[in-house]
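These notes concern the structure reproduced below.
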Amino acid sequence: RVGYIYAEGDGVRQDYHKAFEYAKKGCSGKDAVSCLNLGTSYYNGQGVRQDKSQAKEYYGKACDLGEQNGCKEYAKLNERGIQ
């Protein structure tokens, strides 16, 4: 959840790099929302180089952990032929 706070910022500044790092830690701890946020970071290239294949992988992990938005995003990328 800390990563989300960094991504949203305080109305003045955002720190996508820190948001990415916290999402990575959370996802490795099997937090579904962190995996979803990590996928979004990769998809948008926020805090990390844009990589839609990595985004799909993390959306899939979020889905596997029960996050329905991860399932939706995974399906969208799958429909677009993202490997």
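Values quoted throughout were computed directly from the atomic coordinates according to the rules given, and no laboratory measurement underlies them. Everything numeric here is computed off the predicted structure, so don't read it as measured data.
Computed from Cα atoms alone, the Kirkwood hydrodynamic radius reported for the stretch 42-83 is 10.0 Å. Using θ = phi - 60° in the Karplus curve 6.51 cos²θ - 1.76 cosθ + 1.60, the 3J(HN,Hα) couplings for the stretch 52-57 round to 5, 5, 5, 4, 4, 4 Hz; x is entered for Gly and Pro.
Note that the stretch 24-34 has calculated 3J(HN,Hα) couplings of 4, 5, x, 5, 5, x, 6, 8, 4, 5, 5 Hz, one per residue in order, obtained from phi through the Karplus relation 6.51 cos²θ - 1.76 cosθ + 1.60 (θ = phi - 60°); glycine and proline are x.
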